[in-house]
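The values are calculated or read from the model by the stated rules, or taken from the named source; none is laboratory data. Computed from a predicted structure; not experimentally measured. Cβ placement follows ideal geometry from the backbone for every residue including glycine, while neighbour counts extend to all protein chains displayed. Heads up: the accessible areas ignore ligands, DNA and RNA and are worked out on the full protein's heavy atoms, side chains in. Shrake-Rupley method; radii C 1.70, N 1.55, O 1.52, S 1.80 Å.
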There are 2 protein chains.
Amino acid sequence: MAVCSIPKATLGRIPLYIQYLKKLPEENGEMISATKIARGLLLGEVQVRKDLALISGCGRPKIGYERTKLMQALEKRLGCNDITNAVLVGAGKLGRALLNYAGFEDFGIRILAGFDCDENALRTGENKPVLSIKDLEEYCRDNNVKIGIITVGQGSAPEVCDMLVSCGVKAIWNFAPCTLKVPHDVLLKQENLALSLAHLNSQMKIKK
Amino acid sequence: MAVCSIPKATLGRIPLYIQYLKKLPEENGEMISATKIARGLLLGEVQVRKDLALISGCGRPKIGYERTKLMQALEKRLGCNDITNAVLVGAGKLGRALLNYAGFEDFGIRILAGFDCDENALRTGENKPVLSIKDLEEYCRDNNVKIGIITVGQGSAPEVCDMLVSCGVKAIWNFAPCTLKVPHDVLLKQENLALSLAHLNSQMKIKK
């Protein structure tokens with residue numbers, strides 16, 4: 001699949017477009033204009049045109065987009081037809097919050113299970129089990145896991161990161177407040193929730 | 001206090017600079033060069049110079065920065081001397097994870113308490129209590145709360161947002177996956193964890 005990079009903001013609007021198109025009544029017909037989509041979603045028309053051009057090419061002048069094709073293009077871009085499997089290590093409060101969050105599937109990502117070294121945290125038989133860290137490697141291999149999410153503390157994060165890399169994940173999403181090292185062929189995204197809040201705080205102080 | 005906007009990335013490095021300066025042995029003397037800071041933190045020298053210029057002005061050529069003054073400037077910019085109080089509404093897994101996360105204080109933000117409408121979720125007598133939503137307004141007024149964090153579900157988020165605004169908060173950090181409306185003098189930051197992961201996923205697919 002040839003995929004080129006699209007801006008994060010555009011990516012974030014794809015689920016909105018899909019939801020909007022899905023909810024449109026059948027009797028509205030097969031064609032839909034960017035103007036109508038923009039109005040329906042309270043977005044700027046230029047922005048909608050740019051987004052859709054990136055994802056599915058331009059609509060036909062005065063006619064618009066074919067709804068079915070547009071929806072297929074949007075879903076393809078989001079990877080809905082090509083689910084990526086993820087696991088999470090560290091089943092504390094944040095870990096369990098992420099494990100139970102349903103919103104990832106809208107973006108074509110499925111967190112299959114959590115892992116922990118604390119025997120008391122383990123839960124099997126549930127929709128999203130929490131398994132022993134000892135089973136991580138076998139599980140990742142058996143389930144074609146491509147993304148590892150780190151929600152352990154700072155102290156254990158480097159070790160967990162190395163484990164995930166050796167289990168074959170190709171991307172790591174790290175919530176621990178520390179710098180991790182990964183091989184060149186593995187992507188690393190550092191999440192810093194404190195920083196997001198700090199940025200909001202500094203904007204608020206400027207506005208005051 | 002006159003504050004001008006600095007990039008989020010620079011803001012994110014301020015705690016690193018402060019930590020580094022704090023850990024420096026006394027015998028190293030009062031002056032410190034940008035080169036040395038850059039080496040110590042594995043950052044680019046140009047980046048360090050730019051960051052520090054934004055925060056505290058330029059160092060003296062061949063001599064560097066006065067450590068104490070630099071640290072004061074960094075801490076002032078981060079708002080460490082001017083703590084902002086925050087509360088959180090929705091004491092589910094994510095809410096409690098944020099409530100217990102110590103990292104916010106490094107950025108001059110203190111989450112004082114959580115609020116919930118579920119009687120079973122309430123906890124008093126703890127360091128960070130979970131209180132009844134009925135007490136939100138009085139608590140915000142008594143504690144000069146400026147930031148409200150929303151970790152309830154999508155259904156309750158608009159109502160909680162209105163409550164926080166009427167309690168006088170000046171910034172809202174929303175984790176619920178929905179669009180909120182706030183008055184012009186209130187800042188709104190929409191957090192979308194699924195989107196962060198989706199972006200990582202799309203980068204990974206491009207790289208493949």
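When A and B come together, around 4700 square angstrom of accessible surface is lost from both chains combined, probe 1.4 Å. Given a 1.4 Å probe and the protein chains as shown, A:LYS22 ends up with an accessible area of around 130 Å².
Only helical DSSP H runs with n ≥ 4 go in: add -39500 (n - 2.57) per run for the protein assembly as shown, normalise by residue count and round the 222 nm mean residue ellipticity to 500 deg cm²/dmol. Can you show the working numbers first?
Values: 16 runs with 174 residues, N = 416.
Helix-only estimate at 222 nm: -12500 deg cm²/dmol.
The 1.4 Å probe gives accessible areas that order A:MET204, A:MET31, largest first, as A:MET31, A:MET204.
Farthest toward the positive end of the dipole of the range B:84-195, out of B:ASN120, B:ILE172, B:GLY92, is the Cα of B:ILE172, where the dipole comes from beta carbon charges about the Cα centre. Peptide A:103-110 is shielded by partner chain Cβ atoms: per residue, an average of 5 of them sit within 10 Å of its Cβ.
Heavy-atom accessible surface of B:VAL46, to the nearest 10 Å², is about 100 Å², with a 1.4 Å probe and all protein chains retained. Shown in residue order for the range B:169-176 are the 3J(HN,Hα) couplings computed by the Karplus curve 6.51 cos²θ - 1.76 cosθ + 1.60 at θ = phi - 60°: 5, 10, 8, 10, 10, 9, 9, 6 Hz (x for Gly and Pro). 3J(HN,Hα) along the range B:122-127: 6, 9, 10, x, 9, 3 Hz, from the Karplus curve 6.51 cos²θ - 1.76 cosθ + 1.60 with θ = phi - 60°, whole Hz, x for Gly and Pro.
Couplings 3J(HN,Hα) for the range A:51-57, derived from phi with the Karplus relation 6.51 cos²θ - 1.76 cosθ + 1.60 (θ = phi - 60°), are 4, 5, 4, 5, 8, 9, x Hz, where x marks Gly and Pro. Would you mind checking which residues have amide H under 5 Å from A:LEU188's amide H? H placed 1.01 Å from N; only 5 or more apart, or other chain. For A:LEU188, whose amide H was placed from the backbone, the distant partners under 5 Å are A:ILE172. Ordering B:ALA198, B:ILE109, B:THR151 by the projection of their Cα atoms onto the charge dipole of chain B, which places +1 on the Cβ of Lys and Arg and -1 on the Cβ of Asp and Glu, puts B:ALA198 at the extreme positive end. Counting only residues at least eight positions apart within a chain, or on another chain, the lysines with an alpha carbon under 16 Å from that of A:LYS69 are A:LYS22, A:LYS23. Considering only the Cα atoms of the protein assembly as shown, their convex hull presents on average a projected area of 24.6 nm². Across identical copies of the chain, A:LYS22 has label-point separations of 4.7 nm, listed in ascending order, with the point defined 7 angstrom from Cα along Cα→Cβ.
In the range B:3-78, taking the dipole from charged Cβ atoms about the Cα centre, the farthest positive-side position among B:ILE55, B:GLN72, B:ILE37 is held by B:ILE55. Taking the full set of protein chains and a 1.4 angstrom probe, give the accessible area of A:TYR139 in square angstrom, rounded to the nearest 10. Rounded to the nearest 10, that gives 50 Å².
Could you give the accessible area per residue of the protein assembly as shown, probe 1.4 Å, as a whole number in Å²?
51
Principal-axis analysis of the Cα atoms of chain B puts helix B:157-166 at an angle of about 70° to the longest axis. Percent of accessible area on chain B owned by carbon and sulfur, 1.4 Å probe? Of all accessible area on chain B, carbon and sulfur atoms account for 51 percent.
Under the convention that each Lys and Arg Cβ holds +1 and each Asp and Glu Cβ holds -1, the size of the dipole of the range A:3-78 around its Cα centre is about 200 debye.
The charge dipole of the protein assembly as shown, taken about its Cα centre with unit charges on the Cβ atoms of Lys, Arg (+1), Asp and Glu (-1) only, comes to about 1760 debye.
Think of each Lys and Arg Cβ as +1 and each Asp and Glu Cβ as -1; about the Cα centre, that makes the dipole of chain B roughly 1260 debye. Compared with its chain on its own, the range B:140-187 contains the following residues whose accessible area drops by 30 Å² or more in the full protein assembly (probe 1.4 Å; ligands, DNA and RNA excluded): B:ILE147, B:TRP173, B:LEU187. Of the listed residues B:GLU75, A:GLU137, the order by accessible area with a 1.4 Å probe, largest first, is A:GLU137, B:GLU75.
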